[in-house]
Every structure is written in structure tokens, then in C-alpha cells.
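Q: Sharing a structure here in C-alpha cells format.
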Amino acid sequence: MSRRLERLPVQVDPFRLAQAGRVFEGEIPLRQMKRLQPLLYSHGNTVRAALEFGIDSLGVSFLSGRIQAELEVVCQRCLEPMGMTADIRFDLAFVHQAIEGESIPEPYEPYVVESVPVTLTDIIEDELLLFLPPITRHELEVCPARNRVQMKEPAGKDTAKQAEEQRHNPFSVLANLKTPNKVK
Ligand SMILES: [Zn+2]
């Protein structure tokens, strides 16, 4: 690649970066990702990100990226730590309004830019939140709480209700994903 790699900026104008075809690589501490915090057991690691902005032959302003991180999330069954490796590739197309996003071709996901600048960490955090399953749980065989669960299982009703409550929180995080600029 002939283009120069740069350190990750904090605040960006995605349309200008696309125009300039900028390429970035760097690390971001998980600590900076406030929406991700409640789902993590430990926050000491960093996220590695490689990002390429550009404009494709159809005139789409895009960001192609790869994010890698070792996450330690909380198992929702035993509340103990659980390691997860995130290796995410994504392609975003920047649009000014949601309605423009409807005409965005594959493989892009539309990203509505409501105001400039955009915090680059927010985009990366969105991808990590989308990557995590609605409920993070060990496989039952390796979960320290497996014995308790197996004893309780026939109760049925309570377990279902608990699962419903656990589901609630991560989903409300996801619901806010596509409007990262709305609430500050
Ligand atoms: Zn567990």
C-alpha cells in the first residue's frame, strides 16, 4: 500500500477523510468506550483498529475497517469473566440522512452522519456492541454456574423470566446504536 498510515484521530469529518482517501491504524483503550463498559468484566485492554476511508466507483463515501480486541465480558449466568476474541471487518457508507441510506449498495451498512465532527471511537464502539451477542454466556459445560442451573432448570417459569430481564439491558444499548450523535 502506497498511502501513508496515520495515527487514529479523535474527531473526524468522515466525508472529508473519504475524499482524501486517508488510512489510519492505531489502538484505543476500552476504557474510553462508555457504552461498552457495563458489558465488560475488565477494561484494561485496547482495541486495535485499521481504517481506510475512500470514495468508490459509485461515489459512495466509505469506511472499510478491521477491529481486533480481546474482550473480557461478564457471563450473564455465573457473573464470572469470559474471554471473547473480536475480529470484525466492516464496511460503512456515510450518508447525510437515513433516507439516503436506503439506496446504499452491498456490502455497505449505511451510517447516518447527523452532525460533523463524528467521534471515531463511537463508530468503533458501535461495531463492538453489534458484535457482542444479546446475552453473553459461557457454554453450559464450562460455566461455573452449571450445577446451579441444572438443579433449577425444571422450575421453568422463573428461569424464563430471568432470561427476559437479562435480555432487556443489552437490547436497550443496541437500540441506541444507530444514533450515536443524538445524546451527548
Ligand atoms: Zn458462566
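Q: How many residues does the range 16-42 contain that are buried (at least 16 other Cβ atoms within 10 Å of the Cβ), assigned to a helix (DSSP H, G or I) and aliphatic (A, V, I, L, M)?
A: Total satisfying the criteria: 4.
Q: Can you tell me which residue within the range 128-150, out of those that are at pLDDT 90 or above and not in a loop (DSSP other than H, G, I, E, B), is farthest from P81 (Cα to Cα)?
A: For the range 128-150, the residue satisfying everything is L130.
Q: Among the candidates E70, E80, single out the residue that is within 22 Å of C143 (Cβ to Cβ), among the acidic types (D, E), within 20 Å of the chain's Cα centre (by Cα) and at pLDDT 90 or above.
A: E70
Yes/no matrix, rows are residues, columns are (1) hydrophobic (A, V, I, L, M, F, W, C); (2) part of a strand (DSSP E or B):
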residue	(1), (2)
S57	no, no
L63	yes, yes
R66	no, yes
A69	yes, yes
V73	yes, yes
R77	no, no
M82	yes, yes
A86	yes, yes
L92	yes, yes
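Q: Here's something else I'd like to know. Being touching a Pro at 6+ places or on another chain (Cβ under 7 Å) and among the β-branched types (V, I, T) is the filter here; which residues of the range 75-107 pass it?
A: Selection gives V95, I104.
Q: Please find, within the range 76-109, the residue that is farthest from the ligand (Cβ to nearest atom) out of those that are buried (at least 19 other Cβ atoms within 10 Å of the Cβ) and not aliphatic (A, V, I, L, M).
A: Looking at the filtered set, the residue picked out is F94.
The values are calculated or read from the model by the stated rules, or taken from the named source; none is laboratory data. Computed from a predicted structure; not experimentally measured. All Cβ positions, glycine included, derive from the backbone under ideal geometry; neighbour counts span all protein chains shown.
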